[in-house]
Structures are given as structure tokens and as C-alpha cells.
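*Asks:* Next up is a structure, given as C-alpha cells.
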Amino acid sequence: MSTNWAVLKQYARIFTVVVPKLLWQITFGIFITPKETYHQLERILELKDLFQQDKHLKSKSINDICSGDANVRDVVIIGNYHTDRSSDTRQLKELSSIAFLCRAMSFNKIFEIGTFVGRMTRIIAINSGKNAIVYTLDLPQKLVPHIIGEFYHDTDESERITQLYGDSTLFDYSPWYNEIDFCWVDACHDFEFAYSDTIVAFKMVKDGGWIGWHDYRHSAPWAGVTKAVRMFNSIIGGGIIHINGTTTAVLQVTADMKNKVGSV
Ligand SMILES: C[S@@+](CC[C@H](N)C(=O)[O-])C[C@H]1O[C@@H](n2cnc3c(N)ncnc32)[C@H](O)[C@@H]1O
């Protein structure tokens, strides 16, 4: 009885704090503190992205998606994630889900489209097979303000990482066709780019290999990656899964899919 009362009190407390705040924001806040209001409202969408079941793809936990090596329990996350930086992948659940996939499947050859500062590159290299090789592609250094791959430079993993430069939509991926165990798609998030990167990822990944997409936001169907992932999912006849608690989607590529799609 007392537990129910405590839950009820907590519910009322949250309700009386959150509802007036929201009402204020969608009426006056938009005009008085537009930036703050925008971020607060964006966070609501973000929560839907993370925790609500996706109506188009299935939403599952990474353990239920990937059986892999049943002995794998731990993942390794290294990096200065405690510092305030924007734009890079830093959501712990996202990092650890992909780290788990790499560990459980013990990937040998990985291709990342979109390096940025190389945090995910390093996480992938650390958690994949012991001798795994990671290829990572970004625009030519002179075209971007950040230092490409700076977070894997001078680390133990850097020897296993090959930095490639070029526009992801023009790059010649043919040497990697049907060679790759895991492709992480995370470059330009506009639809045309995300779709083009998806197609090349599918060409590079071999039968049984995996593709992962970052910034799949199922509460924002207008977002480029979301649209590209959904469109591609219907072309291959389904199979892409949203990882619960993340803005990440993954697919295990099968020979059937490859035959079905042919030369996309
Ligand atoms: C979201 S960041 C990648 C984040 C990184 N994968 C991670 O998980 O930390 C996107 C990167 O893609 C690069 N990029 C954008 N457009 C590109 C293109 N057309 N070709 C290659 N790289 C591109 C940007 O320079 C940027 O470094």
C-alpha cells in the first residue's frame, strides 16, 4: 500500500513539474527562449528514438539480435568520453552495442564510412578480432575542420587502421566487394548520401556479414538516414533491426538478400 502511495506521489510530482514546463515551452518559450525550447523539445524526440518501438523495423536489444560467441560478456570502451564535445558518437548504449556486436562476431575486416575524430574506429578495432583490420573513409583533411582520426592516432590500434580519403559517393569500393565482415555507415546523413553509402556497404559486406547505421531516428522519418534505411529495408524484403536504446540500426546480410537484390 505504502509503495503504491509513493509511486502515486512520484507520478504527481513529475506530472506537476513537467506538464507546466512543456506548456510554457510550446506557448511562450518558443518566443522567449527559442534555443533552449528547441533543445528541450528535441530531447523528447530523442527519447522516442531511443526507447519507443520502431513501427517500421523491429526494435530489439543487441543480445537478442546477435547470437555470436555466447561467451562474450564484456566490451571495451576507451576514450575521453567524459569531456564535452559535440558531433561524435558518445552515447554509451550505442558505443557498447556496436562494441558487443564486434566482439561477439569477432570481425576481421571492417569498413567505416565516416571517420570523424575516430572514436568509433578505435572502439571497433579494440572489440573486433585480435588481428582485425579497419578501413575508415572520410573527406580529404583540407575539406573538414576536425582532425580526422585524431582519437586513434598514436594508439595501439592505429597499426590495424587504414585511413582512406575521398567523397563516399565517388570512392572506388570495388577492391572490398564481398570482402567485409562489418560496415559502419556514418558519413553524411542527407538521404542521397546515406542511401548511396548503404548500397556500397551492401556490396562490400560478404554473406553473413553485418551493416550498422548510425543516426537512424525512427521518430523523425524526414531524417535522411531513417528514410534511406527504411527504403533499403523494403528492397531487401526486411531484416534491418533497430537496436533498443540507440539511434542505431543493424542488418546481417544473407546470400538470399544478395541474390534478391542483384546488382543494386
Ligand atoms: C557523424 S561523423 C562520423 C562519426 C564517427 N563515425 C563516429 O562514430 O564517431 C560524419 C563524418 O563523415 C564525414 N563525411 C561527410 N560527408 C562525407 C562524404 N561525402 N564522404 C566521406 N565522408 C564524409 C565528415 O567529415 C565527418 O567526419
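Coordinate-derived values only; no laboratory data. Please read these numbers as outputs of a predicted model, since none were measured by experiment. Backbone-built Cβ (ideal geometry, glycine too); neighbour counts: all protein chains shown.
*Asks:* Defining a contact as two alpha carbons under 8 Å apart and six or more residues distant in sequence, what relative contact order in percent does the chain show?
*Replies:* Reported relative contact order: 19 percent.
*Asks:* With 5 Å bins from zero, work out the P(r) of the stretch 2-47 over every alpha carbon pair and list the percent per bin.
*Replies:* 5, 20, 20, 19, 13, 10, 7, 4, 1
*Asks:* Would you mind listing how long the chain runs along its three principal axes, going by Cα atoms, in whole Å with the largest first?
*Replies:* 60, 43, 36
*Asks:* For each of R90, R119, count neighbouring Cβ atoms within 10 Å of the residue's Cβ, then give the residues from fewest to most.
*Replies:* R90, R119
*Asks:* Still on this structure, please answer the following. Tell me the angle of helix 224-235 to the major Cα principal axis of the chain, expressed in degrees between 0 and 90 and rounded to the nearest ten.
*Replies:* With rounding to tens, the tilt is 60 degrees.
*Asks:* What area, in nm² and to one decimal, does the C-alpha convex hull of the stretch 106-182 cast on average over all directions?
*Replies:* Over every viewing direction, the Cα hull of the stretch 106-182 projects on average to 4.9 nm².
*Asks:* Note the angle between two axes, namely the Cα long axis of helix 92-105 and the longest principal axis of the Cα atoms of the chain, as a number of degrees from 0 to 90, rounded to the nearest 10.
*Replies:* Result, in degrees: 30.
*Asks:* A further question follows. Of K58/K93; K130/K206; K60/K93; K60/K109; K109/K206; K109/K130, which ones are farther than 22 Å apart at the Cα?
*Replies:* K60/K109
*Asks:* Compute the acute angle (0 to 90°) between the alpha-carbon long axis of helix 34-51 and the principal axis of greatest extent of the alpha-carbon atoms of the chain; round to the nearest 10°.
*Replies:* In the chain, helix 34-51 runs at an angle near 60 degrees to the longest axis.
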